[in-house]
Amino acid sequence: MINNTVLLKEPIIILSNGVFPTHSIPLIELDRAKTIICCDGAADQLVKHGKIPDFVIGDLDSISLKTKLELSNHLIHFPNQDENDLRKAINWVNNQGSKKVSILGATGKREDHLLGNIFSILQYKTNMDMEIITDYGKFYIVDKQRNFKCIQKQEVSLFCLDPSIKISTTGLKYELQNVQIPTLYSGTLNEVIQENFNIQLSHGKILVYCAF
């Protein structure tokens, strides 16, 4: 078991125990990672993929006994049931002082886990840059402002939990100028019309999805 603070090499990947990625983009991110952290049973999936995780975090109730024994020196046991294994992993990475983390395997299987995982990165209080990469696109956090490099006609959706936030954009088909998004679906199904687009906020954070 590992208990001490460690210096994590970037890029850092957290592999959640959802559906293992099959798209080339998340798989490339997995291959280039310098640190891979598995959420409990995701370690079994990673081993089947031919890789060994640097750390395995969680209550360790879903990892197989075989993998658990083989990776005994990689385990970090957090039995607390108030948080799921992904949030335990995010919290641990944040406490190591890391600046950025990419999350794979956060979607698929149970839809309640999917929603919880996606909004975990929006509501988690940290200065760490977090993103979720799926087989279909990426979820990003925008804090105050952010510029995105992309391709024309790429599909984009904005999600905001705080209707008081005023949002301005450039480079999108349906531009926003100090617009408040009253519902979770009001900012969906937009489209990029340039090689990049920019989002500026009056305050707070929003979630942005860019499809591949």
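The values are calculated or read from the model by the stated rules, or taken from the named source; none is laboratory data. All figures in this text were calculated on a predicted structure; none of them were measured in a lab. For neighbour counting, all protein chains shown are included, and Cβ atoms are generated from backbone atoms with ideal geometry for every residue, glycine included. Side chains are part of the model used for accessible areas, which takes the heavy atoms of the whole protein and leaves out ligands, DNA and RNA. Shrake-Rupley method; radii C 1.70, N 1.55, O 1.52, S 1.80 Å.
Every condition in (1) acidic (Asp, Glu); (2) surrounded by 12 or more Cβ atoms within 10 Å (Cβ to Cβ); (3) free of Cβ contacts under 8 Å to residues at least 24 places away in the same chain is met by ASP40 except one, and the failing one is (3). Against the conditions (1) closer than 27 Å to LEU27 by Cα; (2) open to solvent by less than 40 Å² (accessible area, probe 1.4 Å); (3) of a type in the set (Val, Ile, Thr), ILE181 satisfies every one except (1).
For segment 99-137, filtered to residues that are among the charged types (D, E, K, R) and farther than 19 Å from ILE36 by Cα, the residue that is surrounded by the fewest Cβ atoms within 10 Å (Cβ to Cβ) is LYS125. Check whether at least one residue in segment 121-128 is part of a strand (DSSP E or B) and either farther than 19 Å from PHE212 by Cβ or at pLDDT 95 or above (or both), and report yes or no. No, segment 121-128 has no match at all.
ILE52 meets all of the listed conditions (1) within 21 Å of LYS88 (Cα to Cα); (2) in contact with a Phe, Trp or Tyr (Cβ under 7 Å, 6 or more places away or on another chain); (3) among the β-branched types (Val, Ile, Thr) but one, namely (2). Here the condition is being more than 26 Å from ILE13 (Cβ to Cβ) and either of a type in the set (D, E, K, R) or surrounded by 14 or more Cβ atoms within 10 Å (Cβ to Cβ) (or both); of LEU189, LEU207, LEU201, it holds for LEU201 alone.
Among the residues of segment 77-91, just one is open to solvent by less than 20 Å² (accessible area, probe 1.4 Å) and over 12 Å from the mean Cα position of the chain (by Cα), namely LYS88. Taking (1) over 17 Å from LYS138 (Cβ atoms); (2) touching a residue at least 40 places away in the same chain (Cβ under 8 Å); (3) part of a loop (DSSP other than H, G, I, E, B); (4) of a type in the set (A, V, I, L, M) in turn, LEU201 satisfies each apart from (3).
Between LYS144, LYS153, the distinction of being open to solvent by 10 Å² or more (accessible area, probe 1.4 Å), part of a loop (DSSP other than H, G, I, E, B) and of a type in the set (Lys, Arg) belongs to LYS153 only.
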